[in-house]
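Following: one structure in structure tokens, then a few remarks.
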Amino acid sequence: MARRNEEREVSEFVDKLVAINRVSTTVKGGKRFGFAALVVVGDQKGRVGFGHGKAREVPDAIRKATDEAKKQMIRVPLREGRTLHHDGLGFWGAGRVKLRSAPPGTGVIAGGPMRAVFDVLGIQDVVAKSLGSSNPYNMVRATFDALKNQESPRAIANRRSMKVADLLARRADGASAPDALEG
């Protein structure tokens, strides 16, 4: 029975190896090698997490990173289950990323580590640009910073004590506060 539950859990999440790094320490008698792995895990329905694991062997490092990623998952609201609700910026260290929602059929236009995050998140249409550091750790963390700032129209409407339809009507009109004051 326990084996079936494990298989079901594995099939629920998709994981991608973003980076693997060989590190060494010099000891008396030579060098001792270890491995560090960066993994992103998601359910392709709006939940995603990342983890970092270190071990003497690659499979152990990947397993540790995957376990950590499953513990640190966040939920990201998606528009129509395929793109972001609004544009966003994310920062981590010297890494900066810019995320933009995109119309249907655009696809995932993003580089390396960001593409892995979007694939496991379930985003089908997005345009992303990495500015600054190309270090995969910084890029993944900056991407998560941008994704944490995503809000759905329902959450914004609740915060402003408005109806979602009124909020979306303002989006469709393209009316901003300064334009409303002039007219």
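Within the range 105-116, if we keep just the residues that are of a type in the set (Gly, Ala, Ser) and assigned to a helix (DSSP H, G or I), the residue that is farthest from the chain's Cα centre (by Cα) turns out to be GLY112.
Here are the criteria: (1) assigned to a strand (DSSP E or B); (2) at pLDDT below 95; (3) outside the structural domain of ALA142 (by TED's automatic domain parsing). Tell me which single one ALA37 does not satisfy. Tallying (1) assigned to a strand (DSSP E or B); (2) at pLDDT below 95; (3) outside the structural domain of ALA142 (by TED's automatic domain parsing), ALA37 fails exactly one: (2). LEU121 meets all of the listed conditions (1) under 17 Å from LYS148 (Cα atoms); (2) crowded, with 20+ Cβ neighbours inside 10 Å; (3) over 15 Å from the mean Cα position of the chain (by Cα); (4) not aromatic (Phe, Trp, Tyr) but one, namely (3). Scanning the range 145-172 for residues that are under 19 Å from GLU80 (Cβ atoms) and among the acidic types (Asp, Glu) yields a single hit, GLU151.
Residue selection: PRO113 satisfies the criterion of being touching a Ser or Thr at 6+ places or on another chain (Cβ under 8 Å), under 30 Å from ARG32 (Cβ atoms) and either in the same structural domain as PHE33 (by TED's automatic domain parsing) or not aromatic (Phe, Trp, Tyr) (or both). Would you mind stating whether ALA110 is at pLDDT 90 or above, closer than 29 Å to LYS54 by Cα and crowded, with 19+ Cβ neighbours inside 10 Å? Spelling it out, ALA110 is indeed at pLDDT 90 or above, closer than 29 Å to LYS54 by Cα and crowded, with 19+ Cβ neighbours inside 10 Å.
Among the residues of this structure, ALA128 counts as one that is surrounded by 19 or more Cβ atoms within 10 Å (Cβ to Cβ), closer than 19 Å to ASP145 by Cβ and out of contact with any His (no Cβ under 8 Å at 6 or more places or on another chain).
At pLDDT 85 or above and either assigned to a helix (DSSP H, G or I) or assigned by TED's automatic domain parsing to the domain that holds GLU80 (or both): which single residue out of ASP166, ASP179, ASP119 fits that description? Only one candidate qualifies: ASP119.
Take ILE20 and tell me if it is over 14 Å from the mean Cα position of the chain (by Cα) and in a strand (DSSP E or B). Answer is yes for this residue. Within the range 58-104, the set of residues being among the acidic types (Asp, Glu) and part of a strand (DSSP E or B) is empty.
Kindly establish whether SER133 is at pLDDT below 90 and not assigned by TED's automatic domain parsing to the domain that holds LEU17. Taking the combined requirement at face value, the residue satisfies it. Here ASP67, ASP125 are screened, and the one residue that is within 24 Å of HIS52 (Cα to Cα), modelled with pLDDT of 90 or more and of a type in the set (Asp, Glu) is ASP67. Scanning the range 37-61 for residues that are under 18 Å from VAL140 (Cα atoms) and without any contact (Cβ under 8 Å) to a residue 24 or more places away in the chain returns GLY51, GLY53.
The values are calculated or read from the model by the stated rules, or taken from the named source; none is laboratory data. Values in this document were obtained by computation on a predicted structure and should not be read as measured data. Neighbour counts run over all protein chains shown; Cβ positions are idealised from the backbone, glycine included.
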